[in-house]
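What follows is a set of notes on a single structure, which appears directly below.
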Amino acid sequence: VILRELRFKPGEPFNINKAKRSIQRLNNLEFIAGSDMRLTPGKKDPRKISVEVQVEEDSPLIIGAGAGYSESERVFGTVTIEDPNFLGTGDKAKASWEVGSKSKSNYALSYTHPWLDNKETTLQATVYGHTHEYAEYDRGAHEVGRYDKKANGQEITLSRAEGEYTRNYVKFKRRDDSYVKPISGYNTQYYEDSYNERYYQEFGTHTTAAERRKQNFGETRSITLTRITDKRDNIFFPRTGQMTTLSLEQAGFGGDFTFTKLFGEYRYYIPRKKNVIAMDIMAGYAWGDLPLSQRFSLGGSSLRGYEEDQFMGNSLLKGTVEYRVPLSKKITVLGFLDAGYAWDKRIETHFDLGKIKVGYGLGARFFTPLGPVKVDYGWGEDRGRFH
């Protein structure tokens with residue numbers, strides 16, 4: 001598992017760049033806490049050097065359990081089991097399960113085999129199912145619906161390395177989203193007939209609750225092609241380098257929705273002594289009939305200072321700048337500025353850059369035994385919000 005990450009072999013001329021890249025690859029493994037390399041002269045031949053690779057293995061198995069309370073779910077419990085080095089093979093297995101006192105049960109299972117062959121072909125399979133309360137907002141941050149939404153799906157992803165820093169992916173996805181029921185106690189319900197008159201006043205057309213549900217819930221079957229070039233020094237805590245993502249998703253194939261989505265993202269990191277300036281810009285555009293779950297969305301952690309998924313549509317533009325200050329190996333604080341918007345062609349006929357929303361604030365990153373935790377407080381146009 002360790003040797004296959006090294007970019008050099010015994011007997012080859014020593015290359016310092018390949019040695020540095022080998023250390024980067026080892027440190028990017030989830031189950032390696034750190035690695036180093038020591039060079040010593042050959043004992044029999046001074047023209048040769050001996051390379052000693054030292055690695056520190058992290059905790060191989062992560063088990064998490066918790067309990068909580070919410071108004072909708074009352075008491076609920078969660079269990080997560082994750083092994084990033086399953087049976088010492090470098091494979092990754094993860095299972096999570098959540099159950100609430102109101103009989104909602106959510107699960108997710110995934111397995112990743114990173115080396116199918118010597119060309120670094122990776123296979124990942126995921127199965128999930130969950131039912132949860134969802135709040136839907138209009139662009140003015142007014143709640144228009146609160147309901148239980150059910151989703152289940154399966155995904156198979158194959159990827160292969162192209163050169164040292166680029167990977168190409170193909171993902172096969174089947175996802176089924178359904179509307180379960182409205183949450184009682186809320187007068188505004190977008191997917192109930194009580195909203196019919198308000199819909200006519202806002203959009204000038206008549207529609208029924210059944211038609212709105214059909215437009216936003218159903219089965220999605222798609223194939224996604226993705227190309228990622230990642231030249232960051234560390235994928236978990238990057239300080240230098242850049243990362244580019246390009247993807248094309250085509251849906252149809254017997255599902256309820258047919259659409260095409262293009263997406264691109266560019267990340268860039270600039271070190272400033274111990275601190276880091278992190279920049280991110282993304283853009284997307286889609287054609288066809290996109291259901292609610294497949295639209296581009298901004299808000300919450302993706303556009304801090306605004307409600308979750310407050311802006312949804314068929315096109316997207318967003319940029320972020322963060323100034324990160326590490327206080328220790330496991331704690332980083334930062335200031336951020338987000339700017340972006342998602343345009344909905346059903347109600348917005350022009351690509352108006354004047355509609356871009358801005359959020360700014362402060363945040364912290366904690367590296368815990370259960371993984372990284374992000375906490376942000378952002379100010380939007382109307383007020384501040386925790387994310």
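Quick notes on this one:
- Scan the stretch 11-35 for residues that are touching a strand residue (DSSP E or B) at 6+ places or on another chain (Cβ under 6 Å) and open to solvent by 90 Å² or more (accessible area, probe 1.4 Å) and the total you get is 0.
- Across the stretch 195-221, the number of residues qualifying as polar (S, T, N, Q) and free of Cβ contacts under 8 Å to residues at least 60 places away in the same chain comes to 5.
- Lone qualifier among K149, K173 - being touching an Asp or Glu at 6+ places or on another chain (Cβ under 6 Å), under 27 Å from G255 (Cβ atoms) and either of a type in the set (A, V, I, L, M, F, W, C) or crowded, with 16+ Cβ neighbours inside 10 Å (or both): K173
- Total residues in the stretch 290-307, condition part of a strand (DSSP E or B) and either open to solvent by 10 Å² or more (accessible area, probe 1.4 Å) or farther than 20 Å from Y377 by Cβ (or both): 2
- The residues of the stretch 308-344 that are more than 23 Å from K173 (Cβ to Cβ), in contact with a Gly (Cβ under 8 Å, 6 or more places away or on another chain) and open to solvent by 30 Å² or more (accessible area, probe 1.4 Å), listed by number, are L317, Y323, V333, L337, A339.
- Scope the stretch 357-387; condition exposed (fewer than 13 other Cβ atoms within 10 Å of the Cβ) and under 26 Å from Y199 (Cα atoms); matching residues: E381, D382
- Subset of the stretch 233-271 (residues that are modelled with pLDDT of 95 or more and among the charged types (D, E, K, R)): E249, D256, K261, E265, R267
- Of all residues in the stretch 88-101, those that are farther than 26 Å from D148 by Cα have Cβ atoms under 6 Å from Cβ atoms of residues that are of a type in the set (D, E), 6 or more apart or on another chain, in A93/D83.
- Subset of the stretch 100-119 that is surrounded by 15 or more Cβ atoms within 10 Å (Cβ to Cβ) and not in a strand (DSSP E or B) - its residue that is modelled with the lowest pLDDT: K104
- Sub-6 Å Cβ pairs linking a first residue in the stretch 145-167 that is more than 25 Å from G129 (Cβ to Cβ) to a second residue that is at pLDDT 95 or above and open to solvent by less than 20 Å² (accessible area, probe 1.4 Å), at least 6 apart or interchain, are R160/T121; R167/S159, ordered by first then second residue.
- Yes/no for W343 being under 24 Å from N216 (Cβ atoms), out of contact with any Cys (no Cβ under 8 Å at 6 or more places or on another chain) and of a type outside the set (D, E, K, R): yes
- Within the stretch 152-170, restricting attention to residues that are in contact with an Asp or Glu (Cβ under 7 Å, 6 or more places away or on another chain) and within 30 Å of E98 (Cβ to Cβ), the residue that is surrounded by the most Cβ atoms within 10 Å (Cβ to Cβ) is G153.
- Any chance D177 is in contact with a helix residue (DSSP H, G or I) (Cβ under 6 Å, 6 or more places away or on another chain) and charged (D, E, K, R): yes
- Here Y128 qualifies as on the phi < 0 side of the Ramachandran plot, in contact with a strand residue (DSSP E or B) (Cβ under 9 Å, 6 or more places away or on another chain) and modelled with pLDDT of 80 or more.
- Residue match in the stretch 202-216 (condition: open to solvent by 60 Å² or more (accessible area, probe 1.4 Å) and in a strand (DSSP E or B)): no
- Filter result for F336 (touching a Pro at 6+ places or on another chain (Cβ under 8 Å), farther than 30 Å from G252 by Cβ and among the aromatic types (F, W, Y)): no
- From Y190, Y199, residue being assigned to a helix (DSSP H, G or I) and within 19 Å of D138 (Cα to Cα): Y199
- Residues satisfying the stated conditions in the stretch 220-254, i.e. surrounded by fewer than 18 Cβ atoms within 10 Å (Cβ to Cβ), out of contact with any Phe, Trp or Tyr (no Cβ under 7 Å at 6 or more places or on another chain) and over 30 Å from R21 (Cα atoms): Q250, G252, F253, G254
The values are calculated or read from the model by the stated rules, or taken from the named source; none is laboratory data. As the structure is a prediction and not an experimental result, all values here were calculated from the model. With ideal geometry, Cβ positions are generated from the backbone for all residues, glycine too; neighbour counts draw on all protein chains shown. The area values use the complete protein model at the heavy-atom level, side chains included, leaving out ligands, DNA and RNA. Shrake-Rupley method; radii C 1.70, N 1.55, O 1.52, S 1.80 Å.
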